[in-house]
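Chemist: This is the structure I want to talk about, given as structure tokens.
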Number of protein chains: 2
Amino acid sequence: MEIEKTNRMNALFEFYAALLTDKQMNYIELYYADDYSLAEIAEEFSVSRQAVYDNIKRTEKILEDYEMKLHMYSDYIVRNEIFEEIAERYKGDSFLEERLEILTSIDNRE
Amino acid sequence: MEIEKTNRMNALFEFYAALLTDKQMNYIELYYADDYSLAEIAEEFSVSRQAVYDNIKRTEKILEDYEMKLHMYSDYIVRNEIFEEIAERYKGDSFLEERLEILTSIDNRE
């Protein structure tokens, strides 16, 4: 599995998981976050490997579609770079450090 | 129409409009942003006033549901308050002012 795609899917999942069905959530999390194989997921849920594959491919499209429409992940990346620039330049400034901590925590959803 | 609800619906619409159908988008924008009456929208689209009303009520629920799941609007409010605090305290600091301008523009979608 390509590491780049895995990272992207895990990131999109973090932002948009709440919009997925339980099944979509389960399959894609096991596959990308927990590194299960298609066969393992199929066995776990007593469905065919093909059914798991189709579901995951569809969920990938759904996640990319949400990102295209809402761009929460790409906005997060831009914001985060700027927060890091500010943190670097104002090291030791407790007013800014406290606020950057809050700002960073807003985007770091569990 | 309550001003508070109107403001909230307009804000949620700004964040989640891309997830609505064209019809949902049209009706709710005419109603909340352009201040059309239900009767006016009904005439415009040659449908019943009740159909417009039902569609708008359903769209309001959809927008609130997206906000509950993604909280883009409430996150925006928290972030914006902090940006304003920083702007206030570091007035004249061009490094921060430039970055705050970028940060603010990310959230201010058209």
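The values are calculated or read from the model by the stated rules, or taken from the named source; none is laboratory data. Keep in mind it's a predicted model, so treat the numbers as computed, not measured. Using ideal geometry, Cβ is built from the backbone for each residue, glycine included, and neighbour counts are taken over all protein chains shown. For the accessible areas, the whole protein counts, side chains as well, though only heavy atoms, and no ligand, DNA or RNA atoms are used. Shrake-Rupley method; radii C 1.70, N 1.55, O 1.52, S 1.80 Å.
Yes or no, residue by residue, for (1) outside any helix (DSSP H, G or I); (2) touching a residue at least 40 places away in the same chain (Cβ under 8 Å); (3) open to solvent by less than 80 Å² (accessible area, probe 1.4 Å); (4) within 10 Å of another protein chain (Cβ to nearest Cβ):
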position	(1), (2), (3), (4)
A:Y16	no, yes, yes, yes
A:I28	no, no, yes, no
A:I41	no, no, yes, no
A:I56	no, no, yes, no
A:K61	no, no, no, no
A:N80	no, no, yes, no
A:K91	yes, no, no, no
A:E98	no, no, no, yes
A:L103	no, no, yes, yes
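Chemist: Can you pull out every residue in segment B:63-78 that is open to solvent by 50 Å² or more (accessible area, probe 1.4 Å) and more than 12 Å from every other protein chain (Cβ to nearest Cβ)?
Modeler: B:E64
Chemist: Okay, next question. Could you run through segment B:1-14 and say how many residues are more than 14 Å from every other protein chain (Cβ to nearest Cβ) and closer than 18 Å to A:K69 by Cα?
Modeler: The number of residues fulfilling the criteria is 2.
Chemist: Also: Would you confirm whether or not segment B:66-86 contains a residue that is closer than 17 Å to A:L19 by Cα and either at pLDDT below 95 or among the acidic types (D, E) (or both)?
Modeler: Yes; the residues of segment B:66-86 include at least one that is closer than 17 Å to A:L19 by Cα and either at pLDDT below 95 or among the acidic types (D, E) (or both).
Chemist: Name the residues in segment A:27-54 that are over 17 Å from A:T6 (Cβ atoms) and not hydroxyl-bearing (S, T, Y), would you?
Modeler: A:A39, A:A42, A:E43, A:E44, A:F45, A:V47, A:R49, A:Q50, A:A51, A:D54 - these are the residues of segment A:27-54 that are over 17 Å from A:T6 (Cβ atoms) and not hydroxyl-bearing (S, T, Y).
Chemist: Which of the residues belonging to segment B:30-39 are surrounded by 15 or more Cβ atoms within 10 Å (Cβ to Cβ) and of a type outside the set (S, T, Y)?
Modeler: B:L30, B:L38
Chemist: Could you check segment B:63-78 and list, in sequence order, the residues that are under 13 Å from the mean Cα position of the chain (by Cα), over 18 Å from B:S105 (Cα atoms) and assigned to a helix (DSSP H, G or I)?
Modeler: Residues satisfying the conditions are B:L63, B:E64, B:Y66, B:E67.
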